[in-house]
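Let me begin by presenting the structure, written as structure tokens, before commenting on it.
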Amino acid sequence: MSLLRRSALAALCLVLPQLHAMEPEPEICWKIEDDALRLACYDRQAQTEPEETPDPRLSYWKERYPDQRDRVYSLLNSRWELTENLGKFILRPYKPVYFLPVFYSNRPNPLPRSGNPLTSVDEPLNLDYAEAKMQLSFKTKLEDNLFGENIDLWFGFTQSSHWQIYNSDTSRPFRETNYEPELMLVHAMNFDLGGYTGRMISLSLNHQSNGRSEPLSRSWNRIILTLGFDKPDWAILFRPWWRVPEASDEEDENPNIVDYVGRAELLVVHRKGNTHQIAALFRHSLRDGADSRGSVNVNWSYPCFDRLRCHVQIFNGYGESLIDFNHRTTSVGVGMALLEWF
């Protein structure tokens, strides 16, 4: 082999390792005279993998916020697809899903009264202190980029039931079931605030009712603003709302509900890896003096049976359910959860 040919082969050996990172160009290979080196060239070209088509939403996020690439994925993103689009009309987790076979209240409400004579009970109900409580909740995305980039339309539904399962004297009835459908416009955001990242802002139309007839009927409608922040293993959601007025006082089944249940809520969730999770939900009337009312609801869970989590719930204040919107109670529940906030 001539000196010139040896030099050419040596040069090709130095260049070939770089071909793996290049776009496939077969004409580079067929120009190589040496059979072994030409075959090696074709082999390297065949191993070159085409680049995956990036998710347009993730590309938009990274291009707009290049300094936040290591913070794109978060607790809020895992639930709201803020930096990616996983599809429409697919059921997603929303609020916790649990069953608490033991839910004990220190003050059951045998005489639900609302301030409206049409929705006030005259004869006391036969209630046990202990009952069962369960909650189902889901959401689904209805439309992407509805009014602009990263503005999505979601539908959510939550159902919470109180079951007098131990009350054999009254045939173990469901004491109260609250239905809560919700339409939400969600906009992805990105800004820093006190060590947290502002991830989302949403505006929702919320209806909540117990689906019962007078005098036990309760319902109200709200427009809710939600601001979401998170950092590793922490999430904060602040939700002030405005109650949509009823057409008349006679149609108001729960007058002054905002003075008891509140005008805003603050949810703080801390997750320790995939083990313990604690969530505290605070509600307040945003008034002082005698009108300063609200509630605190603390939930703690940890994995204990395969995919199920042991779940403990402690509630104190007003509005544990709609029928009890103006009744103060302290309740403790123990059971299992299938899904938590995150």
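Nothing in this text is a laboratory measurement; each read-out follows from the coordinates by a stated rule. Given the structure is predicted, the values throughout are model-derived calculations rather than measurements. Ideal geometry is used to build each Cβ from the backbone, glycine not excepted, and the neighbour counts take in all protein chains shown.
Going from the fewest other Cβ atoms within 10 Å to the most, the residues K231, K139, K272 appear in the order K272, K231, K139.
Calculate the spin-label point distance for A247 paired with L118, positioning each point 7 Å from the Cα along the beta-carbon direction, and give it in nanometres. Taking the two extended label points, one gets 1.0 nm.
In units of the compact-protein estimate 2.2 N^0.38 Å, the stretch 70-145 shows a Cα radius of gyration of 1.80. Our estimate of slack between D291 and L146, defined as 0.36 nm per intervening residue step minus the Cα-Cα distance, is 48.2 nm. A simple packing score, the average count of other Cβ atoms within 10 Å per residue, orders the peptides 202-208, 164-170 as 202-208, 164-170, with the highest score first. For the stretch 184-193, the Karplus equation 6.51 cos²θ - 1.76 cosθ + 1.60, evaluated at θ = phi - 60°, returns couplings of 10, 9, 10, 10, 6, 9, 7, 7, 9, 8 Hz by residue, with Gly and Pro reported as x.
Starting from the alpha-carbon convex hull of the stretch 220-342, give the projected area averaged over all orientations, in nm².
8.7 nm²
Maximal additional length on extending the D43-Y179 stretch stands at 42.8 nm, based on 0.36 nm per residue less the C-alpha distance.
3J(HN,Hα) along the stretch 314-329: 10, 10, 9, x, 9, x, 4, 9, 4, 5, 10, 4, 10, 10, 8, 8 Hz, from the Karplus curve 6.51 cos²θ - 1.76 cosθ + 1.60 with θ = phi - 60°, whole Hz, x for Gly and Pro. Estimated at 0.36 nm per residue, the fully extended path between S213 and D192 surpasses their Cα-Cα distance by 2.8 nm.
Amide H contacts under 5 Å for D233: L75, restricted to partners 5 or more places along the chain or on a different chain, H placed in the peptide plane at 1.01 Å from N. Kirkwood hydrodynamic radius of the stretch 57-339, from the reciprocal of the average inverse Cα-Cα distance over all distinct pairs: 20.2 Å. Residues in the stretch 154-165 carry Karplus couplings, in order, of 10, 10, x, 9, 10, 10, 10, 10, 10, 10, 7, 5 Hz; the curve used is 6.51 cos²θ - 1.76 cosθ + 1.60 with θ = phi - 60°, and Gly or Pro positions show x. Between the amide H of R172 and those of N167, distances stay under 5 Å, these residues lying 5 or more places away or on another chain, with hydrogens modeled in the peptide plane.
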